[in-house]
Structures are given as C-alpha cells and as structure tokens.
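Written out below as structure tokens is the structure these notes cover.
Throughout, read-outs are computed from the coordinates displayed, never taken from laboratory work. All values reported here derive from a predicted model rather than from experimental measurement. Cβ placement follows ideal geometry from the backbone for every residue including glycine, while neighbour counts extend to all protein chains displayed.
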Protein chains: 2
Amino acid sequence: MKGKLYVVGIGPGGREQMTLEAVRCIEESEVIVGYHLYLRLIEGMLAGKTVISAGMTEEIGRVRAALEMAEAGYTVSLVSSGDPGIYGLAGLVFQVAGDSNLEIRVVPGVSALSSCSAVLGAPLMNDFVCISLSDMLTPMEKIEERIEAAARADFVVVVYNPKGSRFEHNLERFREIMLRHRPPDTPVGIVRKAYREGEERVITTLADMLSHRIDMVTTIIVGNSNTFVSGGRMVTPRGYENKYRIERA
Amino acid sequence: MKGKLYVVGIGPGGREQMTLEAVRCIEESEVIVGYHLYLRLIEGMLAGKTVISAGMTEEIGRVRAALEMAEAGYTVSLVSSGDPGIYGLAGLVFQVAGDSNLEIRVVPGVSALSSCSAVLGAPLMNDFVCISLSDMLTPMEKIEERIEAAARADFVVVVYNPKGSRFEHNLERFREIMLRHRPPDTPVGIVRKAYREGEERVITTLADMLSHRIDMVTTIIVGNSNTFVSGGRMVTPRGYENKYRIERA
C-alpha cells in the first residue's frame, strides 16, 4: 500500500500567496518534509503532523526521506518556497525516484520571478532569461557564457542565487559582463524577502547595484535597453508604444 | 475619493491554482475587468459585481476601463490568466496610469511557465529563457537574434505565443535555429490548456514537434543539452549528478 508525494511550492512565504491547492495538499498530508526556514513560513499548518526538517545543503536527504515515507504508505508534502519547478526540488525527486510507480505530483507555486517582479512593478513584459550565479553545480565558464549571450541579445535578466558564502564574487563578474553591453544607468531591481517580514526593495542601476545588501534571499532583475523607472516602479514596455498612443481616454 | 486597482493573476485557470490573495481581491472588488475567456474561468465569483468584458486585442481598452473605474472610487480587479507580470497587463497599466497616485497593486499568480513545467515534470531546473514568438510588438529580427543566443548558450527555452493567425510561421523559424545548435532528439514538451478542461500534454523532440497541435493556448518548453525523458517526464538535471551518487538510500 503506497502513499503519495506532493512536491509543493508555497510561493514567496506569506500564507496569502499560497494557492488553494498547496494549502489543501499540506492539510491532507500526514508527513511534511522541508528545509527548516521554509517550514517556519507555514508553522501554523503543522499541528498534529510528522515533520521532517533538514538543512539547506541536505537536499538529497530531504528528497530521500520524503520518498521513503510516501512508499511506506503516508501522504507526504515535500515543501519548498517559490515554485519547486524553478531551480527547485522537483527534478531531484524524479531523478531519485527513477522508475518508481509512486504517485508524485508537482504543485506549482508563485515563483520568486513572479513575486519579485510584482514588488518592483512590471519588469518582465518582454523576453527574459533566468540565471543562477551559484557555480556549485554549473561551471562558472558556462554561467559566464550565458550572461554574455543574455546581455548581448537584450534580454531582461533575472538573477537567482546572486551571492553565497561559497560564491562571493560571481555577481561582480556578472555586472562586468552586463556593462559591456548595457549602459551604467540601466535599471536594476533588487528584492530581499519578497512578501515576507522584513521585505526590502531597491530600484537602482547597473553602476550602483553592488552598494546594496545582496545575499541568498535576494533576487535581482536587470532591465533591457527599453526598461524605464516611473513613479518608483520598474517597467519594461512590451512594445505597445509603437502601436498605440498611450494616453488617458 | 479614489478607489483602488488590483491587477490580478488567476493562474492557469482552475480555482485550485489561484492564490488566497487573488481570491480575496476578486471577492473584495465591486468591478471586474477582463478578457471574456478569462472571466469564464472565474464565473462562479462574479455574482453581484459589475463586469466589464472585452476582446483579446482590446488590451488598452480594458486597462483604461479598469483605471477609470478605480479613479471613480470603485475597488477594481483587472483579471488575467497566469501571472500579470509575465507578458501580462501590469506594464500597460503602469504606462497608462503614468504618475497617477491611484493605489495599484500587482497580485502575482502561477505563471504559464510554472504550470506547464509542473505538467511536464521538471524541465526548469537549470538556466532558462522565456521568448514570445509574437512579432506584433517586437520585430522578428530581434526575436531571431534572441533564439540564436539562447540556443547557442544552452539555455532551456520556454516559448510563449508559439503560433497565432497573424504569425503562423515563426515557430518553423524557431525550430530551424534551435536545430543549428541542438540535436534533433532534444526533448520538447508541449502543453495546451494546462490545468483546464481539455488539457493536452505531449513530450516529443525538436525533430517532431511541428506535427502536434500548437496554438495560442499552447506553451512549449525545449530542453537543454542535458534534459532527458524518464517515466514520461521531462527532467533537466541541476547538476547534482556531479556531486552525489543518486541512488535510493
């Protein structure tokens, strides 16, 4: 008698930004597995459940524990912030599960991409790339090649994992490469802890971006050549200005 | 006495994939503005409200109507599917609102990116780009340059608006460019109407992708050089295989 495994994205961290499906899956689960900081975000929902908490670097341990409990017959939620499908644990779950016939369901959540964009205004109205600066699992040469390609082809660039204790200087490298292709006054949005207690939001420029607090709970969005700042908001036009005169009726 | 405007993402379309905040904003609003197909997705929530519906190409009309009603004192939700911050109406709202001091809040939703990824498995575990093939607002040369850059730098590629009546052949061009840099057996996921009635899901290859139904309610994800298909799921490894032996405990 097998259980099932939900790989649940709880969004940026507030209860309000969870989907109804995520809430239902967690309520329905007997076992909740997650990184302890994510579990803290859903503290009020854990009463009466078996909770398996593990550190950030023990991702594979969390995944194995979740699969084992599900195979032992329990309904299990493996919880992560944002969307488990974007740099999240969904891939590792399928890799470890192999050809197991366990019922596994990915429950998408509001990604950091979406939540940070909403906090900044509307920077993602045109083509964009998402790049992680962590070189623990991807070699830095490959990351640099991608930054270069994105900068050259005028994509808006979303940066995940901009700075960690084991990759302190990749962000400086990122900025150098961007500056080869975009002017120093290109708008840059920096969001820490979107929708959580202590949320910070800065709109700055490529020139000045390094003078702000940036760490592992920060997401950065660099505008394309048309992105502008207006009324404290970062906006990338989709191109409507070419088709319509934009004015009040 | 001004009202306020919520720019609300309702996610892929099922009630279950809406966030609690999106539900609350719609409930709280006296006026709901949206494209008629999106409004149909939340039919059960519209009783007793003023509903302003408009066609797909009348985006600017919807935005103006929403702003006018909010400035007249109403609480208004301008509703869209997915996330209004990703190729959505959030940008146009800020462009038209200009320096108005109206309270405007973007309510992020589960994007097509996230919902299609969840339906396919875990294709977005590594760096990716998002490209729209609609050349109505961006010139095709710029789009081609971006496709080329993304293909060359080994990004996973998410395609929005793959085919419309006014841009029938851009997808063929997209495939040609991708095939210059990736083998014909590169995994491609095609999702129509994710999480809606009539959902379709195909995992195919670059070689065969054009033989499947693709239209404006389709999102396509093309894998990078490491993406594989296993147990009917499309998975891009994050790189864990270099650090850990992945096996059951």
> Hey, what does the equivalent ellipsoid look like for the range A:113-235, semi-axes from the Cα gyration tensor as sqrt of 5 times each eigenvalue, largest first, whole Å?
Replying inline: 20, 18, 12
> Amide H to amide H under 5 Å from B:Ser132: which residues, 5+ apart in sequence or cross-chain, H placed 1.01 Å off N in plane?
Replying inline: A:Asp127, B:Tyr160
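What percent antiparallel are the DSSP beta bridges of the protein assembly as shown, to the nearest 5?
Values: 42 of 96 bridges.
DSSP beta bridges in the protein assembly as shown are roughly 45 percent antiparallel.
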> For the range A:187-194, what does the Karplus curve 6.51 cos²θ - 1.76 cosθ + 1.60, with θ = phi - 60°, yield as ³J(HN,Hα) per residue in whole Hz, taken in order and with x for Gly and Pro?
Replying inline: x, 10, x, 10, 10, 10, 6, 3
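Exposure proxy check: A:Val110, B:Val159 ranked by fewest other beta carbons within 10 Å? Show your work: numbers first, answer last.
Values: A:Val110 36, B:Val159 25.
Fewest-to-most Cβ neighbours within 10 Å comes out as B:Val159, A:Val110.
Counting other Cβ atoms within 10 Å, keep those with at most 11, restrict to DSSP loop, and tell me which trypsin sites (Lys or Arg not before Pro) in the range B:126-220 are left.
Within the range B:126-220, the qualifying trypsin sites (Lys or Arg not before Pro) (loop, at most 11 other Cβ atoms within 10 Å) are B:Arg166, B:Arg213.
Would you mind ranking B:Val156, A:Val79 by Cβ crowding within 10 Å, fewest neighbours first? If you can, show how the numbers build up before the last one.
Numbers: B:Val156 25, A:Val79 31.
Fewest-to-most ranking of B:Val156, A:Val79: B:Val156, A:Val79.
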> Roughly how many whole Å is it from the C-alpha centroid of the range A:24-73 to that of the range B:134-201?
Replying inline: 37
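How much of the DSSP bridge set in the range A:113-235 is antiparallel, in percent, rounded to the nearest 5? The partial results should precede the final answer.
Details: 18 of 25 bridges.
That works out to approximately 70 percent antiparallel.
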> Hey, what angle do you get for helix B:170-181 against the long axis of chain B, alpha-carbon based, 0 to 90 degrees rounded to 10?
Replying inline: 40
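For each of B:Phe155, A:Phe128, A:Phe167, count neighbouring Cβ atoms within 10 Å of the residue's Cβ, then give the residues from fewest to most.
Working: B:Phe155 24, A:Phe128 27, A:Phe167 18.
Final ranking by Cβ density, sparse to dense: A:Phe167, B:Phe155, A:Phe128.
Below 8 Å between Cα atoms, with a sequence gap of 6+, how large is the relative contact order for chain B in percent? If you can, show how the numbers build up before the last one.
On the way: 485 pairs, mean separation 49.0, N = 249.
Value for chain B: 20 percent.
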> Which distances, in nm and shortest first, link the A:Glu58 label point to the same label point in every other copy, taking 7 Å along Cα→Cβ?
Replying inline: 5.8
> Counting only other chains, what is the mean number of Cβ atoms within 10 angstrom of the Cβ of each residue in peptide B:223-230?
Replying inline: 1
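For the protein assembly as shown, just say rounded, prolate or oblate: build the C-alpha gyration tensor, square-root its eigenvalues into a ≥ b ≥ c, call rounded for a/c under 1.5, and beyond that prolate if a/b exceeds b/c, oblate if not. Before the final figure, lay out each step's value.
Details: a/c = 1.36, a/b = 1.18, b/c = 1.15.
Rounded, because the longest to shortest axis ratio a/c is under 1.5.
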>> Which GluC sites (Glu not before Pro) in the range A:25-83 sit in a loop by DSSP (not H, G, I, E or B) and have at most 16 other Cβ atoms within 10 Å of their own Cβ?
In response: A:Glu30, A:Glu58
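What is the antiparallel percent of DSSP beta bridges lying wholly in the range B:1-160, to the nearest 5? Mind showing how you got there, number by number?
Details: 1 of 26 bridges.
Antiparallel: roughly 5 percent of the beta bridges in the range B:1-160.
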> Using a label point 7 angstrom from Cα along Cα-to-C-beta, what distances in nm, from shortest up, separate B:Gly98 from the other copies?
Replying inline: 6.5
> Can you give the mean number of other chain Cβ atoms that lie within 10 Å of the Cβ atoms in peptide B:146-153?
Replying inline: 6
>> I need the inter-copy label distances for A:Arg180: point set 7 Å along Cα to C-beta, values in nm with one decimal, smallest first.
In response: 2.0
> Is there a pair in A:Lys142/B:Lys142; B:Lys4/B:Lys142; A:Lys49/A:Lys193; A:Lys142/A:Lys193 whose C-alpha atoms are over 32 Å apart, and which pairs would that be?
Replying inline: B:Lys4/B:Lys142
